[in-house]
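*Asks:* One structure follows; several queries about it will come next.
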Amino acid sequence: MKREERKAPQGKFRVIWVDTFDHEDGLEGDYDSLDSAKDIVDTKTKGVQMLKMHVYDDTGAHRYEGGSF
């Protein structure tokens, strides 16, 4: 995923998934709060191997990550 695609819409937090086995990535979704985005990351990566998820804010800054290689 290109760097500019990681940037969330204004006032949102974007969650991106990365399959560390296939080296694919994609958009999980945009969320209204950092806590909501973190909850999605923690829920979707719990007990799952080779999946990482990252949260970016509307400036494109990395705010959180979860999952395992």
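*Asks:* Please work out the C-alpha center-to-center distance from the range 1-18 to the range 19-69 and express it in whole Å.
*Replies:* The distance from the Cα centre of the range 1-18 to that of the range 19-69 comes to 10 Å.
*Asks:* Further question on the same structure: Only Cα pairs under 8 Å and at least 6 apart count here; give the relative contact order of the range 1-68 as a rounded whole percent.
*Replies:* Answer for the range 1-68 is 36 percent.
*Asks:* Classify the chain from the C-alpha gyration tensor, please: rounded if a/c falls under 1.5, else prolate or oblate depending on whether a/b exceeds b/c.
*Replies:* Verdict is oblate for the chain.
*Asks:* Could the peptides 29-38, 11-20 be put in order, highest first, of the mean number of other beta-carbon atoms found within 10 Å of their residues?
*Replies:* Result, highest mean Cβ count within 10 Å first: 11-20, 29-38.
Read-outs: derived from the displayed coordinates by stated rules, not from any lab. Remember, it's a predicted structure, so these values are computed and weren't measured experimentally. Cβ atoms come from the backbone with ideal geometry, glycine included; neighbour counts cover every protein chain shown.
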